[in-house]
Amino acid sequence: MTTENPVVRLSEEECWQRLRGSELGRLVTRVGDVIDIFPINYVVDGTSIVFRTAEGSKLVELTVNDEVLFEVDEHTDADAWSVIVRGSAHVLDTLAEREAADGLGLQPWVPTLKYNYVRISPSSLTGRAFRRTGEPERYGVSEY
């Protein structure tokens with residue numbers, strides 16, 4: 001990042017590094033004209049995202065349309081980043097898939113029973129990082 005270019009594009013590996021270092025993101029679903037967004041805690045498994053969910057609207061929406069967006073961002077006073085995953089989500093329904101997911105150590109943040117594991121398989125991954133500084137002079141008037 002430079003003064004001239006405070007925003008930098010993250011490489012795919014840099015995106016995965018940031019995703020691995022976080023655990024809370026937002027899942028965007030779409031069914032017809034209805035778009036929903038859900039906060040979810042997750043874990044990275046190889047090059048996919050896994051989360052748990054209970055029965056309900058999120059799970060129903062994923063079965064109607066498996067195309068999703070998943071977004072994670074973080075910031076400090078000095079910098080910030082954002083990663084967006086586009087992909088498809090599917091419920092892990094075989095015993096082998098569920099047993100493997102059980103080994104990922106994913107625990108719900110809310111004390112509710114969440115029996116369903118869902119995997120997001122990315123079709124694309126993009127990310128940006130940027131410095132958080134003051135806004136540049138907007139009107140071209142410099143102090144002397």
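Couple of notes before you dig in:
- Mean-square fluctuations from a GNM of the chain, with a 10 angstrom spring cutoff on Cα atoms, peak among I84, I49, I35 at I35.
- Accessible area per residue in Å² at 1.4 Å probe, computed on the chain: 65
- Spatial offset of segment 86-130 relative to segment 55-78 amounts to 11 Å, using the alpha carbon center of each.
- Protein accessible area in the chain, 1.4 Å probe - carbon and sulfur %: 51
- Summed side-chain charge close to R26 - residues other than R26 whose Cβ falls under 13 Å, Lys, Arg +1, Asp, Glu -1: -4
The values are calculated or read from the model by the stated rules, or taken from the named source; none is laboratory data. All of these numbers come straight from a predicted model, not from anything done at the bench. Backbone-built Cβ (ideal geometry, glycine too); neighbour counts: all protein chains shown. We work out accessible area using only protein heavy atoms, side chains counted, and drop any ligands, DNA or RNA first. Shrake-Rupley method; radii C 1.70, N 1.55, O 1.52, S 1.80 Å.
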